[in-house]
1. Look at the stretch 277-324 and say how many of its residues are touching a His at 6+ places or on another chain (Cβ under 7 Å), free of Cβ contacts under 8 Å to residues at least 24 places away in the same chain and in a loop (DSSP other than H, G, I, E, B).
2. For Tyr509, work out the one condition from (1) out of contact with any strand residue (DSSP E or B) (no Cβ under 9 Å at 6 or more places or on another chain); (2) surrounded by 17 or more Cβ atoms within 10 Å (Cβ to Cβ) it doesn't fulfil.
3. Among Glu426, Glu393, Glu443, Glu468, which is the only one that is acidic (Asp, Glu), open to solvent by 70 Å² or more (accessible area, probe 1.4 Å) and in contact with a strand residue (DSSP E or B) (Cβ under 9 Å, 6 or more places away or on another chain)?
4. Go over the candidates Ile741, Ile725, Ile735, Ile751 one by one and state the one that is hydrophobic (A, V, I, L, M, F, W, C) and surrounded by fewer than 20 Cβ atoms within 10 Å (Cβ to Cβ).
5. Before we move on, is Gly103 on the phi > 0 side of the Ramachandran plot and open to solvent by 50 Å² or more (accessible area, probe 1.4 Å)?
6. Look through Val9, Val68, Val95 and report the one residue that is among the β-branched types (Val, Ile, Thr) and assigned to a loop (DSSP other than H, G, I, E, B).
7. Looking at (1) in contact with an Asp or Glu (Cβ under 8 Å, 6 or more places away or on another chain); (2) open to solvent by 30 Å² or more (accessible area, probe 1.4 Å); (3) modelled with pLDDT of 95 or more; (4) among the polar types (S, T, N, Q), which is the only condition Asn48 fails?
8. Output the residues belonging to the stretch 174-193 that are at pLDDT below 90, part of a strand (DSSP E or B) and farther than 20 Å from Met392 by Cα.
Amino acid sequence: MSNQELPKVYEPKEVEERWLKRWLDSHLFHADVNGKGGAFSIVIPPPNVTGSLHMGHALNNTLQDILVRYKRMKGSNALWVPGTDHAGIATQNVVERELKKEGKRRQDLGREKFIERVWEWKKKYGSHIVHQLQRLGASCDWERERFTMDDGLSRAVREAFVRLYERKLIFRDLYLINWCPRCHTALSDIEVEHQETNGHLWHIRYGDNLVVATTRPETMLGDTAVAVHPEDERYRALIGKKLKLPLTDREIPVIADHRVDREFGTGAVKVTPAHDFNDFALGNEHKLPRINIFTPDAHMNENGGDYEKMERFEARKKIVADLEEKGLLVKTEPHKLSVGHCYRCRTVVEPYLSLQWFVKTKPLAERALQAVREGRTEFHPENWTKTFVNWMENIKDWCISRQIWWGHRIPAWYCDCAKDPIVAREDPIKCPKCGKAGLRQEEDVLDTWFSSGLWPFSTLGWPDKTPELEKYYPTSVLVTAHDIIFFWVARMMMFGLEMMDEVPFKDVYIHALVRDAQGQKMSKSKGNVIDPLEIMDRFGTDAFRFALAALAAQGRDIKLSEQIIEGYRNFANKVWNASRFAMMNLGGYEPLQDVLSYSPYDHWIIVKLSETADIVSKAIENYEFDVAAKSVYQFFWHDFCDWYLEFSKITLTKQVLYDVLGASVSLLHPFMPFITDEIWSLMPGNQKRPFLDQCGFPSNESVLKHTTGFSEETARLDASIVDMIIPVIEAIRSIRGENRIPSAKEMTAIIYSKKIEDRGHVESWQPIIQRLGRAKSTQVVQEPPVPKGMAHVVISEGLEVFVPLEGLVDFAAEVQRLDKEIGKLKADIERRGKRLEDQNFVSRADPEIVEEERESLREAQGKLVRLEETRRNFAS
């Protein structure tokens with residue numbers, strides 16, 4: 001079968017659209033639970049249904065796709081489960097904003113009609129992020145796509161809630177929680193983002209001999225005590241006595257507690273159990289009353305006295321003014337403090353006393369910690385283990401109830417006959433105690449992270465015992481960012497062990513953040529955001545994916561720029577053009593023809609290919625995506641294009657060219673799936689097996705298993721000789737380039753080789769050295785010539801290249817040019833040296849920047865040595 005010629009120009013958009021449709025139409029990525037091969041499974045970190053593809057998604061899903069395609073090619077039964085998260089607060093906010101445009105609120109529609117409206121929105125817009133992931137080339141099993149509120153996952157959520165409740169790991173209590181006055185819902189601790197803020201410390205007189213310092217004077221109306229340290233001599237006489245609370249008629253006691261910091265402020269602190277987490281715990285121990293002074297939207301309630309209905313910060317100003325007027329404000333001083341904000345709307349969060357549902361996390365966390373310590377789940381890079389362990393050792397009970405409508409409604413019902421709720425798997429028709437109908441269901445919904453915490457097994461059919469669950473759980477690896485270790489990873493670990501009695505994944509790979517070229521975090525306000533969709537339009541998806549992989553070094557944030565992506569677009573074009581050239585030379589070729597003889601460079605490229613396949617495989621297995629990408633890049637561009645294709649112009653072995661091209665695009669396929677499938681499908685003999693995902697991944701062994709007449713021992717010997725010859729050719733080429741010798745001018749190269757054996761190899765390769773090095777003649781000598789008037793390159797000890805330059809170069813002019821270049825180089829070396837001696841730079845700069853500077857210094861110093869030697873040769 002003859003090959004089809006590739007078009008002259010690679011058009012990414014046309015190729016990508018065609019191959020995506022072909023993949024999806026053929027159900028290529030659907031995993032057969034009864035299929036061959038060992039199980040390899042990943043569940044996608046479900047993007048919010050409100051989301052649009054951003055750089056974090058692009059990196060995360062590119063790395064997952066590399067793993068899945070690689071494992072699929074290696075023969076694994078690979079499943080990548082896709083899906084989206086209902087994103088309770090975010091989605092409700094989006095739909096409420098739409099209603100606001102219509103002059104309506106959700107309360108105007110009522111709960112049922114509002115939920116219908118959200119489902120309509122989800123049906124219309126919820127698939128956008130899925131289409132964008134497909135455009136990225138994500139080879140998910142799209143037939144198994146899940147949504148955290150589909151019927152199956154909703155049943156899993158209810159089952160998990162009921163089990164935890166039955167095991168007394170879920171409870172309901174009046175508790176101080178993080179409350180968002182804008183979203184009108186509770187937030188867990190990790191949904192609160194703390195920001196350092198410039199505030200004040202107000203010193204307020206609570207009695208003749210006692211002054212209290214506070215950052216929140218408005219909450220004093222909820223004070224129920226003043227606390228001092230029991231050993232503080234200043235206040236010992238006041239312990240047990242009562243003081244009049246300023247601006248009120250109430251009296252509050254002075255209590256003693258060892259937790260009071262005698263050095264902070266005045267050493268006396270106000271105790272507000274309903275509006276401060278530390279005070280809540282202290283108040284419980286001292287049996288203090290709790291007085292809530294805020295409404296759900298953070299206005300003063302009836303307990304606010306004269307300040308009732310005032311917004312909290314407005315009330316603060318008025319209270320401070322009144323204290324000052326009454327002579328009760330002793331002083332005000334600047335004070336930095338950490339203020340919590342809602343992670344969704346950025347509103348300042350209020351500690352708020354509320355009846356909420358909680359998960360007891362300590363028992364669950366202990367099992368997760370044990371699993372990590374036993375190595376049943378491992379973090380990559382390993383340093384994230386410490387972060388996970390530290391969090392789990394200090395974990396607090398998790399508030400799982402949210403006061404919104406969109407989400408999984410808590411399966412609890414109430415009857416007037418009993419205090420405790422009825423928690424059930426099925427909606428109860430009547431009260432099991434009194435038999436009455438008309439039960440009231442809990443209004444709150446579950447935290448979004450409750451359902452996503454079940455994701456690794458709920459997506460596989462749990463609580464049913466499905467074939468998928470038996471085959472693919474636990475999953476093989478989780479690929480995620482460090483910022484959701486606590487939100488998601490920890491909760492999946494706890495729920496997986498509790499519900500399945502097994503860890504949810506064997507490996508957790510924590511990838512880096514994508515920053516701009518200067519290392520700054522991308523943000524709209526800075527104007528440095530790079531849009532993945534726009535980048536894919538401009539440079540092609542394969543180039544974008546390869547850039548992300550090549551930069552994904554473990555433990556190091558990615559500094560991305562359009563220039564870097566453009567560079568890998570050039571690489572995609574190189575892959576295309578080299579493949580086009582190779583296939584033009586395979587005209588009429590039938591695969592699997594016997595090779596009568598192998599040239600030395602056939603042997604060399606086969607050995608290089610086998611070594612690269614080994615490096616790439618090991619790197620992907622170890623999550624060293626940058627090592628894998630750079631290795632295959634180096635092989636294709638340098639070994640295959642720069643050298644083997646050049647050698648093939650001298651002697652062409654079609655079978656080797658065919659095999660190496662096929663193996664090369666196979667190595668590239670996990671990184672650049674579109675262009676490689678296009679090339680592969682057009683190669684001779686591949687029309688019946690057009691998908692690389694269904695073909696093998698090259699290995700060291702498979703590459704070296706060649707046809708009749710191939711000897712691995714001979715191949716490795718020839719490869720070592722070619723590895724010696726290539727630098728000789730490069731040296732001759734560099735001498736012509738550095739000395740600006742026109743290609744029309746003929747020159748002679750003198751090659752000194754210390755070893756007799758090496759001289760023999762060089763002598764036998766002289767015709768090729770002359771041809772590819774563009775030298776008229778070559779001489780092989782056993783003693784190095786005096787380098788006067790010559791350009792000189794040392795390749796290695798005992799192997800050097802000399803080129804006589806008389807008649808080719810104006811020595812006087814070259815000396816002048818070299819003097820200028822040497823001067824610039826010395827100044828550059830001095831500047832870099834001083835920078836590296838500066839301890840402020842070395843200690844504060846990113847380690848990779850420091851290492852880049854050191855490498856640049858070494859290169860400059862090496863170049864200086866060569867230039868000074870060349871100058872001496874010209875001047876002598």
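1. Total meeting the criteria: 2.
2. (1)
3. Numbers: Glu426 fails: in contact with a strand residue (DSSP E or B) (Cβ under 9 Å, 6 or more places away or on another chain); Glu393 fails: in contact with a strand residue (DSSP E or B) (Cβ under 9 Å, 6 or more places away or on another chain); Glu468 fails: open to solvent by 70 Å² or more (accessible area, probe 1.4 Å).
Only one candidate passes the filter, namely Glu443.
4. Checking each option against the conditions leaves just Ile741.
5. It is true that Gly103 is on the phi > 0 side of the Ramachandran plot and open to solvent by 50 Å² or more (accessible area, probe 1.4 Å).
6. Exactly one residue qualifies, and that residue is Val9.
7. Looking at each condition in turn, Asn48 falls short on (3).
8. Leu174, Tyr175, Leu176, Thr185, Ala186
The values are calculated or read from the model by the stated rules, or taken from the named source; none is laboratory data. Just so it is clear, the structure is predicted and the values come from calculations on it, not from any experiment. All Cβ positions, even for glycine, are placed from backbone atoms using ideal geometry, and neighbour counts span all protein chains on display. Please note that ligands, DNA and RNA were not included when accessible areas were found on the heavy atoms of the full protein model with its side chains. Shrake-Rupley method; radii C 1.70, N 1.55, O 1.52, S 1.80 Å.
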